[in-house]
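First comes the structure, then the notes that go with it.
The values are calculated or read from the model by the stated rules, or taken from the named source; none is laboratory data. Just so we're clear, the structure is a prediction, and the values are computed from it rather than from any experiment. Backbone-built Cβ (ideal geometry, glycine too); neighbour counts: all protein chains shown. Side chains are part of the model used for accessible areas, which takes the heavy atoms of the whole protein and leaves out ligands, DNA and RNA. Shrake-Rupley method; radii C 1.70, N 1.55, O 1.52, S 1.80 Å.
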Amino acid sequence: MTAATTLAEALRVPVELGERSYDVWVGPGVRHRLSDVVPDDVGRVAVVTQAAVADAGITVDPGVEHRVFITDNGEHIKTMGAAEELCREFAQWGLTRRDAVVAVGGGAVTDLAGFAAAVYHRGIRVVYVATTLLGQIDASVGGKTGVNLPEGKNLVGAFWQPSAVLCDTEALDTLPPEEMRSGLGEMAKYHFIADANLHSLALPERIARCVAIKAEVVAADERESGRRAVLNYGHTLAHALEAHGGYDLRHGEAVAVGLVYAAELAHRTGRIDTGRVEEHRRVVAGYDLPTSLPADADIDALVELFNRDKKAVDGVTFMLDGPNGIGPVTGLEPALLRETLEAIR
Ligand code: GLY
């Protein structure tokens, strides 16, 4: 086991949001510094985590009186019922507005516990200890919290920024390979959004760089009214594949195929050259992620699902690369969408 990083040794990434600003700390064992980032005036802490996280030996000590609330494992915990259950348990324990929630785990835990913190007593403070790669470079940063409805993912939620985020890189050693792959797809995305040299960095530095890229985007568009859409790069196809189901793809793998698809679409609409398409394939394959659609992909169903993407405000919108970087493109013909899907099958 690596010696626990002190905050002075950890990589610090500030998320600049005025009075809602906070720091993200990245390093091995940084979860052991939790008591340094829990705000001084917090009386008690509700630690929310998943059984798998606790079983992997990932525990925390917030340095004040606390109770641990353990949810089931998996994404299915993100329900209104689970949020209500947590809030009821907080109330039964007598958690007050002076207290705080600490969520320890991946994106499902931080989304659920963050949402509970956002609505309990109309909002109490929350700190995230992100233990998965996807959680560290995506879910724990940005302030979007939420739960799923049977009608769709993340349809109920709140913008609620954490007070601090700890990204413990030691926790990644406990991740099953498929969970790691989920994060690698998002990491590949950051190559194209902002940093073609990402691959030259060691893992903690690379995580910190991804967080810094996301922090810059979030600082420019906290409530998702424009610039944040760039974070959706590669996600239109990924969301369609996930909504269709049955393809045995992790989120990161679906995003990986989505990045290649977006590059092919950008090329076919004259926005980027073949060299840039190849770069997409090379980066995605470099993370050992898929660059093509599953052979049994239902093209018509996927095109239909593009229309139902919840981020499609003005008809189907793809974030596509181009001479001025990644931006929204609407009005792509269904025939082009189909033919390009066929081309990457
Ligand atoms: N919680 C993830 C985001 O705000 O993007």
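Let me see the pair-distance distribution of region 231-275: every alpha carbon pair, 10 Å bin width, integer percents in order.
Taking every Cα pair in region 231-275, the percentages come to 31, 45, 21, 2.
Quantify, in whole percent, the carbon and sulfur part of the accessible surface of the chain (1.4 Å probe; protein heavy atoms only). Intermediate values should be presented prior to the final figure.
On the way: 7110 of 14600 Å².
The C+S portion of the solvent-accessible surface of the chain is 49 percent.
Which FRET efficiency value, to the nearest 0.05, is calculated for residue 59 and residue 216 with the Förster distance at 45 angstrom and r the Cβ-Cβ distance?
Numbers: r = 33 Å, r/R0 = 0.72.
The pair residue 59/residue 216 has a calculated efficiency of 0.85.
Modelling each spin label as a point 7 Å along the Cα-to-Cβ direction, I'd like the residue 307/residue 149 distance in nm, to one decimal.
Taking the simple label geometry, residue 307 and residue 149 are separated by 2.1 nm.
When the C-alpha atoms of region 53-126 are aligned to their principal axes, what extent does each axis show, in angstrom, from largest down?
30, 30, 18
So what are region 1-159's ellipsoid semi-axes, whole angstrom, largest first, if each one is the square root of 5 times an eigenvalue of the alpha-carbon gyration tensor? It would help to have the intermediate numbers written out before the result.
Details: eigenvalues 103, 61, 54 Å².
For region 1-159, the ellipsoid semi-axes come out as 23, 17, 16 Å.
Could you give me the radius of gyration and the Dmax of region 86-174, taking only the C-alpha atoms into account and expressing both in angstrom?
Calculated on Cα positions, Rg and Dmax stand at 12.9, 36 Å.
Contour minus end-to-end for residue 72 and residue 335, with contour as 0.36 nm per residue of separation and end-to-end as the Cα-Cα distance?
On the way: separation 263, 0.36 × 263 = 94.68 nm, distance 4.31 nm.
Between residue 72 and residue 335, full extension yields an extra 90.4 nm.
How much accessible area per residue does region 161-238 have, in Å², with a 1.4 Å probe?
Working: 2620 Å² over 78 residues.
I get 34 Å² per residue for region 161-238.
Given the -39500 (n - 2.57) contribution per DSSP H run of 4+ residues, what per-residue ellipticity at 222 nm results for the chain, rounded to the nearest 500 deg cm²/dmol? Before the final figure, lay out the partial values.
Details: 11 runs with 130 residues, N = 345.
After summing the helix terms and dividing by residue count, I get -11500 deg cm²/dmol.
Across the chain, what fraction of all alpha-carbon pairs, as a whole percent, falls in each successive 10 Å bin from zero upward?
The percentages, shortest bin first, are 6, 26, 34, 23, 10, 2, 0.
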